[in-house]
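Below you'll find the structure, written out as structure tokens, and then a few comments.
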Amino acid sequence: MTATELRQKYLDFFRSKDHNVIRSASLIPENDATVLFTTAGMQPLVPYLLGEKHPGGARLASAQKCVRTDDIDEVGDETHHTFFEMMGNWSLGDYFKNESIAWSWELLTSPEWLSLDPKLLAVSVFAGDNDAPFDEESYNLWLALGMPKEKIARLPKKNNWWGPAGLTGPCGPDTEIFYWSGNPDEVPSSFNDDNDKWVEIWNNVFMQYNKQPDASFELLNQKNVDTGLGLERVTAVLNHCDNYQTDLFKNIITKTEELSGKKYSDSPEIRKAMRVIADHVKASTMIIGDEKGVAPSNTDQGYIVRRLLRRAMRFARQLEINKTNWLKELAMVVINDYEKVYPELRLNENFICAELDKEEEKFSRTLEKGLLEFNKLNGLSIDGVRAFNLYQSYGFPLEITEELAKEKGMTVDKIGFETELSKHQDLSRTAAAGKFKGGLADNSEETTKLHTAAHLLLAALRQVLGDGVTQKGSNITPERLRFDFSYPEKMTPVQITETEKLVNLAINDKLAVGCEELSLEEAKNTGAMGVFDSKYGEKVKVYTAGIENGPDTANWNKVFSREICGGPHVKNTGELGHFKIQKEESSSSGVRRIKAVLE
Ligand code: SER
């Protein structure tokens, strides 16, 4: 079975169970300052798991683009990836364990769908502890479906509990489904978690708790289901091959073979290099070509792209790929392979190619010399000054220096490097801040307020700077709001004061904030701002700030702001306090960035 078929069947199956198939959200989280990338299918759905109404309804399914950056240096073996796709289905307070488990079973084993041999499947359920009881309901549901009790493991929180992704938030017990990846004739009659031939293929989380700041578990008002199935892994397991031999990588690997004149089957070293290149170029293409595309840079997501591309270039050198503009050639394969599922890639083709060419040109000039320089350090420990020199003069991300050092049994003084870095430049490299781990935006009162303030800010900017201004991204912590928008020049002090004044007037006017569900067409016709390539299927939520006049916000008076948005927001702008712009600066070419607070 190809991944393309699996993806399609998964979505078709849940469509047949009345699920609304929603488009993948962007890889760059909106309004979320705690995580650089979307790391799971449920991440864009957190507000809805906590009770916000989703315009797509209470049953959703998707294939979600995800990037995880925790294990970049592990990529090169058979299974690790940075970019991957997560298939998922959700119940937002609708069905619960019964349907969730029955449907997973049906999709996996029914001859009409995936037709897996039930004998090759096993499951685990939550064993229970002080926080929550044994998940007897799931256990009994599996038994009733014919799963032998020897193949239903009861495991502790470490195994069978998911979330919250941050310190607080939705979470609950899960039931995991495993597939026997070994010889089918040797499938054991019982399930043993320690046997790595049992590979987890699907995770059904029953989100019924909201973890509180004091670490207690409060019952959620609505019981949700959140499931996740990693497309790359499951395709590989079902085909008894390594992840890089599936149709999700085949063309990319073939192109790498062509560029290098070597074969994937030649040696473990060649396989490793080809996997690194395939994964990293794919992930970079996905991030640069995302609807909120990010180019290589020295900060945040841009730094990750740079790190991925430079690591890919280092391994390309091992494969003796000498052609110029080869990154772009590989990216074209990625675009061709994925454009049907992620059409934004084709739309952003020129941007992707231009950025890859630039990055390739920059680093290939210094890579060779940098490696010579590195080799001179043979046997020495790499102190901060040396690591910084490799970074500054040869463009070696610290992580590349660390990986090279590790290969030679040398060490790198990371703290020394950070000290040098801060001495030499004012670069806010988030790697140093340890921001790459998971974690989701909180829905605290402060972030909600700042989120509403962001809407007022966009409306004010358009009044002051003109209708050409559109939102290019935002990032909110409980302390401040960061807002990127299109505008070609630096704002003048008068424009900044004027914008602040307009926002504060809207706050002082105590405008009502209303929410409506409209079709995309209706939303557009009533002048709502926002991204019009609907992510949520037909219906979208529109938030309006103005003087209330009945339930239909189109009849409201003095409408200050109207935006397509998932929420949440405050009920009245009077709750916000005083709005202050702290900084206005360039973000990238043609994009300005404002940092603002509520006092
Ligand atoms: N949240 C769960 C996971 O990421 C299921 O979607 O595995």
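Summed over segment 574-595, the residues that are in contact with a strand residue (DSSP E or B) (Cβ under 6 Å, 6 or more places away or on another chain) and farther than 17 Å from Arg482 by Cα give a count of 1. Filter segment 174-195 for residues that are assigned to a loop (DSSP other than H, G, I, E, B) and closer than 15 Å to Leu155 by Cβ; which is farthest from the ligand (Cβ to nearest atom)? Filtering segment 174-195 for residues that are assigned to a loop (DSSP other than H, G, I, E, B) and closer than 15 Å to Leu155 by Cβ, the one farthest from the ligand (Cβ to nearest atom) comes out as Ser190. Being in contact with a helix residue (DSSP H, G or I) (Cβ under 6 Å, 6 or more places away or on another chain) and hydrophobic (A, V, I, L, M, F, W, C) is the filter; apply it to segment 29-65 and report the residue that is farthest from the ligand (Cβ to nearest atom). If we take residues in segment 29-65 being in contact with a helix residue (DSSP H, G or I) (Cβ under 6 Å, 6 or more places away or on another chain) and hydrophobic (A, V, I, L, M, F, W, C), then Leu36 is farthest from the ligand (Cβ to nearest atom).
Could you list all residues from segment 79-119 that are among the charged types (D, E, K, R), in contact with a helix residue (DSSP H, G or I) (Cβ under 6 Å, 6 or more places away or on another chain) and within 27 Å of Tyr244 (Cα to Cα)? Listed by number, the list holds a single entry, Glu85.
So, Ile564, is that one modelled with pLDDT under 95, surrounded by fewer than 16 Cβ atoms within 10 Å (Cβ to Cβ) and either in contact with a Phe, Trp or Tyr (Cβ under 8 Å, 6 or more places away or on another chain) or within 30 Å of Trp90 (Cβ to Cβ) (or both) or not?
Values: modelled with pLDDT under 95: yes; surrounded by fewer than 16 Cβ atoms within 10 Å (Cβ to Cβ): no; either in contact with a Phe, Trp or Tyr (Cβ under 8 Å, 6 or more places away or on another chain) or within 30 Å of Trp90 (Cβ to Cβ) (or both): yes.
No: the conditions fail for Ile564.
Considering Ile252, Ile321, the condition of being touching a residue at least 40 places away in the same chain (Cβ under 8 Å) and in a helix (DSSP H, G or I) is satisfied by Ile252 alone.
Wholly within segment 445-558, which helices (runs of 4 or more DSSP H) include no fewer than the required count, namely at least 1 residues that are among the β-branched types (Val, Ile, Thr)? Steps first, please.
Details: elements: 445-465, 493-508, 520-525.
Here the list reads 445-465, 493-508.
Here the condition is being farther than 30 Å from Glu402 by Cα and in contact (Cβ under 8 Å) with a residue 40 or more places away in the chain; of Leu108, Leu36, it holds for Leu108 alone. For segment 184-221, name all the residues that are under 18 Å from Leu120 (Cβ atoms), of a type in the set (D, E, K, R) and in contact (Cβ under 8 Å) with a residue 24 or more places away in the chain. If the condition is that a residue be under 18 Å from Leu120 (Cβ atoms), of a type in the set (D, E, K, R) and in contact (Cβ under 8 Å) with a residue 24 or more places away in the chain, then Asp193, Glu200 are the ones that fit. In segment 22-43, the count of residues that are part of a strand (DSSP E or B), in contact with a strand residue (DSSP E or B) (Cβ under 7 Å, 6 or more places away or on another chain) and among the hydroxyl-bearing types (Ser, Thr, Tyr) is zero.
Phe363 fulfils the conditions (1) touching a residue at least 40 places away in the same chain (Cβ under 8 Å); (2) over 30 Å from Asn251 (Cβ atoms); (3) part of a helix (DSSP H, G or I) except for a single criterion, (2).
Looking at segment 52-92, which of the residues that are of a type in the set (Ser, Thr, Tyr) and not in a loop (DSSP other than H, G, I, E, B) is surrounded by the most Cβ atoms within 10 Å (Cβ to Cβ)? Within segment 52-92, the match that is surrounded by the most Cβ atoms within 10 Å (Cβ to Cβ) is Ser62. Among residues of segment 158-171 that are part of a strand (DSSP E or B), those with a beta-carbon under 6 Å from a residue that is of a type in the set (Ser, Thr, Tyr) at least six positions away or on a different chain give the pairs Cys171/Tyr209.
The values are calculated or read from the model by the stated rules, or taken from the named source; none is laboratory data. Just so we're clear, the structure is a prediction, and the values are computed from it rather than from any experiment. Note: ideal-geometry Cβ built from the backbone for every residue, glycine included; neighbour counts use all protein chains shown.
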